1. Checking understanding here: applying a Kyte-Doolittle mean of at least -0.5 and a length along the axis of at least 30 Å (C-alpha), which whole DSSP H helices in the chain pass?
2. In bins 10 Å wide, starting from 0, what share of all Cα pairs of segment 163-235 does each bin hold, as a percent?
3. For the chain, with all protein chains present and a 1.4 Å probe, just round the carbon and sulfur fraction of the accessible area to a whole percent.
4. Under the rule of at least 5 residues apart or a separate chain, name every residue whose amide H is placed under 5 Å from the amide H of Cys104.
5. Relative contact order for the chain: what percent, with Cα pairs under 8 Å and sequence separation of 6 or more?
6. Averaging the inverse of every distinct alpha carbon separation and then flipping it gives the Kirkwood radius. What is it for the chain, in angstrom units?
7. Hey, in the GNM for the chain with a 10 angstrom Cα cutoff, which one of Asp103, Asp193, Asp11 fluctuates hardest?
8. Determine the calculated [θ] at 222 nm for the chain from helices alone, applying -39500 (n - 2.57) to every DSSP H run no shorter than 4 residues and normalising by the residue count; nearest 500 deg cm²/dmol.
Amino acid sequence: MKPKAAFLSKDQVLGQWQHCMWAHTVGEAQAQELVHAHLQVRHVHAGQYLWKAGDVPTGWTGVTRGAAKICVPTPDGRSITLCGYAGSWFGETYLLRPHMAMDCDAIALHDLTMLTLPAHAFHALRQQSATFSQFLLELMAERSHQLMRLLTAKQCLSVTGRVAQSLGSLITPLNFPFPDAGLLNITQSELADFCQVSRARFNEALLELEKQDLLEVGYRTVRLKDIEGLRRYEY
């Protein structure tokens, strides 16, 4: 079932700010001065770009309600697809490397509200708050680990193993928190792209993994039941 549009106004976003995953890293005065005063809100429909490769980064990006995919090109001409779920923030590496343009596309999978913390506010927080800087390190370390898991999954001899390990790598505490009841609100076509296999081979792998009780396949849905089992899958 396609998610309903869940656009939020800036007032609504700020009214729920205490639920932001990094809200605890900045003091109340810093939040008022650098976050609340400068945070930008943009409504993005499913299929639209949050940014395109070649764009100049203007700030740090967050997503509320819904999901986005980030397509990172590889030297062989293909791409690695990463997914950012509701509550995720990304794009910090482009701000930490001066004069670096975006080298990937970010596309909305659902109607979503995009948040942008302008670059000057991002850097001010990083310089003023040691807790915020520590959060950024943890976020980047988690994303690096996720990429390592994806690269490892590509080495699997079987398609089923690649799908299992890729789906297991999808769930991360900061970039893609475990969804309610393990239900992935992402189409199977998008998940096939994430796993870098064809839709037909992906469906075959899902059925095999379902037989082993690692996940459950529904109408246009996938419910993950055993994350660690998927990550350890080798066949």
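The values are calculated or read from the model by the stated rules, or taken from the named source; none is laboratory data. If you're wondering where the values come from, they're calculated on a predicted model, not measured in any experiment. We work out accessible area using only protein heavy atoms, side chains counted, and drop any ligands, DNA or RNA first. Shrake-Rupley method; radii C 1.70, N 1.55, O 1.52, S 1.80 Å.
1. On the way: long enough: 130-154 (36 Å, 0.18).
Those that pass (Cα extent of 30 Å or more, hydropathy at least -0.5) are 130-154.
2. 20, 63, 17, 0
3. Numbers: 6170 of 11740 Å².
The nonpolar share, carbon plus sulfur, comes to 53 percent.
4. Distant-sequence amide H within range of Cys104: Ala53, Gly54.
5. Numbers: 397 pairs, mean separation 48.0, N = 235.
The value is 20 percent.
6. Details: mean 1/r = 0.0539 Å⁻¹.
Mean inverse Cα-Cα distance, inverted, gives 18.6 Å.
7. Comparing Asp103, Asp193, Asp11 in a Gaussian network model of the chain, the most mobile one is Asp11.
8. Details: 8 runs with 85 residues, N = 235.
Only helices count here, giving -11000 deg cm²/dmol.
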